[in-house]
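Trainee: Just dropping this structure here.
What follows is calculated from the coordinates using simple rules that are stated; it is not laboratory data. Since we're looking at a predicted model, the values are computed, not measured. Every residue, glycine as well, gets a Cβ built from its backbone with ideal geometry; the counts of neighbours run over all protein chains shown.
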Amino acid sequence: MSTSTITHNISQTAKNKGHRELRIGLFGFGVVGSGVVKILQQKREEFKRLFKTDVYVDRICVRDTEKKREALYPNDRITTNPIDLIEDESLDCIIEVIGGEFEARDIIIRSLRSRKHVITANKLLLSYDIEYLRQAAFRTGVQLLYAASVCGSVPVLRAIDELASSDTIRSIKGIVNGSTNFILTAMSQEGLCYEQACAEARRLGFLEADPSLDVSGADATQKLSVLIYHAFGAHVLPSDIKREGIEGVTADDFVRAREQKATIKLIARATCDPSGKIEASVAPEVVPLSHIFANTQNEFNALEIVADHAGPQLLYGKGAGSLPTASAVVSDLLELVKD
Ligand SMILES: NC(=O)c1ccc[n+]([C@@H]2O[C@H](COP(=O)([O-])OP(=O)(O)OC[C@H]3O[C@@H](n4cnc5c(N)ncnc54)[C@H](OP(=O)(O)O)[C@@H]3O)[C@@H](O)[C@H]2O)c1
């Protein structure tokens, strides 16, 4: 499924050196936002040289300007007022990495209406509003890009788009949530019980204070909804995907799995039969040790895509974290630059 047609060009107004500019307004300066700032600061000169485009964060909007940040950035360019970014006509692109639903939705809609390209990592919002947001972008002739919303650094949506344009995708299946995969890896390798593994994941920053979205499988259903939209061209709501979390998985389950030369993974899967009927689920599954999913450990993700002519293809890599996720956001920025 291709992204909306681009008619809004990035700024041609660079004052000197014949460069174009891609001026960015960044909403959110947390885990992902600080990764974006770091990568762009590091790559700015290289992008100027390679793409003749100066790509930089011009303004940032946060909740609290006093907070200590993981990346260096001038304080006088940080605001708490969304209008400072949304109504700034010199900005070409808004990156939304605040998370959540309603405020993020409002920021994205208003940015699209003011003819700014939008990049987001927000799978929660996309899983409910993907159709509406894409239409809004299409109507105003700007791009809505969201490579970072599923599987972090792993370019699963681009691979699916590419394959779907020339083939028919029949199934997608994989490990799409790094936090639960970290917990299940700790249970499998260290023999920990569920509570011990959760405590370990939290200590190492792989689990949020409120882990319910991850361990219940809800986060994985949101990602699967976005994957299904691209693979099969249908919008299936997360609430329509069968879901079982990992809260009930015990140390004894791992002992039994090991006896069968297997382990346990939280698997998101969806199939589309020739009549267009889609079956989708997220649930813990017993996986043979010989399968690549069994060797997908900690915060890593893996996705298998099966298409009629191409057969099975596999993608694997880091599914979360500051720099891996930010690298997917930057890949979207480069789509804008190259377009
Ligand atoms: N973390 C990951 O590995 C990862 C991976 C894939 C996708 N994502 C997605 O990326 C998004 C961001 O995640 P994150 O981990 O970076 O979150 P985070 O660390 O909690 O950062 C959120 C940032 O947004 C700011 N913010 C929150 N509400 C705001 C508002 N109403 N107006 C302005 N700023 C606001 C916060 O400001 P203050 O700092 O001032 O509080 C903070 O800087 C989420 O949609 C998440 O699902 C994250």
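Trainee: Quote the Stokes-Einstein diffusion coefficient, in whole µm² s⁻¹, for region 112-215, based on the Kirkwood radius over alpha carbon pairs, a temperature of 25 °C and a viscosity of 0.890 mPa s.
Mentor: Rounded, D is 150 µm²/s.
Trainee: OK, next. How large is the helix-only mean residue ellipticity at 222 nm for the chain, computed as the sum of -39500 (n - 2.57) over DSSP H runs with n ≥ 4, divided by its residue count, in deg cm²/dmol to the nearest 500? Intermediate values should be presented prior to the final figure.
Mentor: Values: 11 runs with 134 residues, N = 339.
That comes out to -12500 deg cm²/dmol.
Trainee: Stretch residue 193-residue 45 to full length: gain in nm at 0.36 nm per residue minus the Cα-Cα span? Can you show the working numbers first?
Mentor: Working: separation 148, 0.36 × 148 = 53.28 nm, distance 4.89 nm.
Working it through step by step, the gained length comes to 48.4 nm.
Trainee: Where is the GNM fluctuation largest for the chain (alpha-carbon springs, 10 angstrom cutoff): 283, 251, 220?
Mentor: Top of the fluctuation ranking is 251.
Trainee: I would also like to ask the following. Just for the Cα atoms in region 156-319, what are the lengths along the principal axes, largest first, rounded to whole Å?
Mentor: 46, 33, 25
Trainee: Give, in nm to one decimal, the length gained when the segment between residue 166 and residue 70 is fully stretched (0.36 nm per residue of separation minus the Cα-Cα distance). Display every interim value, and only then the final one.
Mentor: Values: separation 96, 0.36 × 96 = 34.56 nm, distance 4.23 nm.
In short, 30.3 nm is gained.
Trainee: Of the listed peptides 224-232, 205-213, 110-118, what is their order by residue-averaged count of other C-beta atoms within 10 Å, with the highest listed first? Present the calculation step by step, with values, prior to reporting the outcome.
Mentor: Numbers: 224-232: 25.0, 205-213: 14.2, 110-118: 21.2.
Order by mean packing, descending: 224-232, 110-118, 205-213.
Trainee: Say each of residue 339 and residue 256 gets a label point 7 Å from the Cα, pointing the same way as Cα to Cβ; how far apart are those two points in nm?
Mentor: Roughly 5.0 nm, to one decimal.
Trainee: Can you give me the Rg/Rh ratio for the chain, using Cα atoms for both radii and the Kirkwood formula for Rh?
Mentor: Working: Rg = 20.6 Å, Rh = 20.8 Å.
Using only Cα positions, Rg/Rh for the chain is 0.99.
Trainee: Mind listing which trypsin sites (Lys or Arg not before Pro) in region 277-339 are in a DSSP loop and have 14 or fewer other Cβ atoms within 10 Å?
Mentor: Working: sites: 277, 318, 338; in loops: 277.
Counting only loop positions with at most 14 other Cβ atoms within 10 Å, the trypsin sites (Lys or Arg not before Pro) in region 277-339 are 277.
Trainee: Which whole-Hz couplings ³J(HN,Hα) result when phi for each residue of region 81-95 is put into the Karplus expression 6.51 cos²θ - 1.76 cosθ + 1.60, θ = phi - 60°, listed in order with x for Gly and Pro?
Mentor: 3J(HN,Hα) across region 81-95, in whole Hz: 9, x, 4, 4, 9, 5, 9, 7, 6, 7, 7, 8, 8, 10, 10.
Trainee: Take each of the peptides 53-62, 35-44, 308-317, average the number of other beta-carbon atoms within 10 Å over its residues, and list them starting from the highest.
Mentor: On the way: 53-62: 20.5, 35-44: 18.4, 308-317: 13.2.
Result, highest mean first: 53-62, 35-44, 308-317.
Trainee: What is region 294-339 by shape, rounded, prolate or oblate, if you read a ≥ b ≥ c off the alpha carbon gyration tensor as root eigenvalues and call it rounded for a/c under 1.5, prolate for a/b larger than b/c, and oblate otherwise? Intermediate results must be reported in sequence, preceding the final value.
Mentor: Values: a/c = 5.36, a/b = 1.23, b/c = 4.36.
It is oblate, given that a/c is not under 1.5 and a/b is not larger than b/c.
Trainee: With a cut-off of at most 13 other beta carbons within 10 Å, and DSSP calling the residue loop, which trypsin sites (Lys or Arg not before Pro) in region 235-270 qualify? Please list them. Can you show the working numbers first?
Mentor: Numbers: sites: 242, 243, 256, 258, 261, 265, 269; in loops: 261.
Within region 235-270, the qualifying trypsin sites (Lys or Arg not before Pro) (loop, at most 13 other Cβ atoms within 10 Å) are 261.
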